[in-house]
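The values are calculated or read from the model by the stated rules, or taken from the named source; none is laboratory data. All of these numbers come straight from a predicted model, not from anything done at the bench. Glycine also receives a Cβ, built like all others from the backbone with ideal geometry; neighbour counts cover every protein chain displayed.
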């Protein structure tokens, strides 16, 4: 028994070392559009007006008028997105949160999942504006590896990068890439705008929109809601995150909610998971934070 305990302790120390050996990005790495094409992400520094960011984030409390959030996105973030891709680029939904998205964002995940060893994912993107500043961990190149074998997965995690995002920055990354938010640093506010399912142009929208299946994960979460609790225990946190990384990188666990779609054709099937409710924004109506807000294209 003592040998088993020693082995488990060794594994926990090793995992902790892997997760806490982080490499910061320098400006040269992150502000090139070529980095988005080759490695799957780009961070535009100081592209947003400081006063505009400050003014909008002060409207975010426990509730907010999501139509104001849509106006902020369309006037300030969407032009940068379209300048990156094409003037016809559009997004399908967004989420505005404040320290209430750690359950699904605090461990490694993909915003779009693909259940095939085919070496390409779905060409959709996510954009992130961190209104109070935050830290994110990302694993370059994994957008081209939607489903990895174990050895490849273990090699990929060594490439992870640690990104500090300021309030006037905009991070854009391929929705297939493995990433997670870092919640180690306590912040009174962590106001965040996430724009999901960004279609770079009209042609990609027409080709892929019908292939995306949106899965409500709230029922699945009720069965596995012990994970968010475990992740808060320092000695277990890294081990749980490592397990989640292996699970998501190898796609070894498929929630029941999406199994029924897989019989069609795994090569043409993509899923996006929603852990909270969804709404259509209405001017003057306030709703709680951390909902998925639908943008009618």
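Structure notes:
To keep it simple, each residue is scored yes or no on (1) in a loop (DSSP other than H, G, I, E, B); (2) touching a residue at least 12 places away in the same chain (Cβ under 8 Å).
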site: 135; (1), (2): no, yes
site: 143; (1), (2): no, yes
site: 151; (1), (2): no, no
site: 158; (1), (2): no, yes
site: 168; (1), (2): yes, yes
site: 171; (1), (2): no, yes
site: 204; (1), (2): no, yes
site: 207; (1), (2): no, no
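- Candidates 60, 112: the one that is within 30 Å of residue 239 (Cα to Cα) and modelled with pLDDT under 95 is 112.
- For segment 115-139, the candidate set comprises residues that are out of contact with any strand residue (DSSP E or B) (no Cβ under 6 Å at 6 or more places or on another chain) and modelled with pLDDT of 90 or more; within that set, the residue that is surrounded by the most Cβ atoms within 10 Å (Cβ to Cβ) is 139.
- Residue ID - modelled with the lowest pLDDT, chosen from residues in segment 147-165 that are surrounded by fewer than 18 Cβ atoms within 10 Å (Cβ to Cβ) and touching a strand residue (DSSP E or B) at 6+ places or on another chain (Cβ under 8 Å): 162
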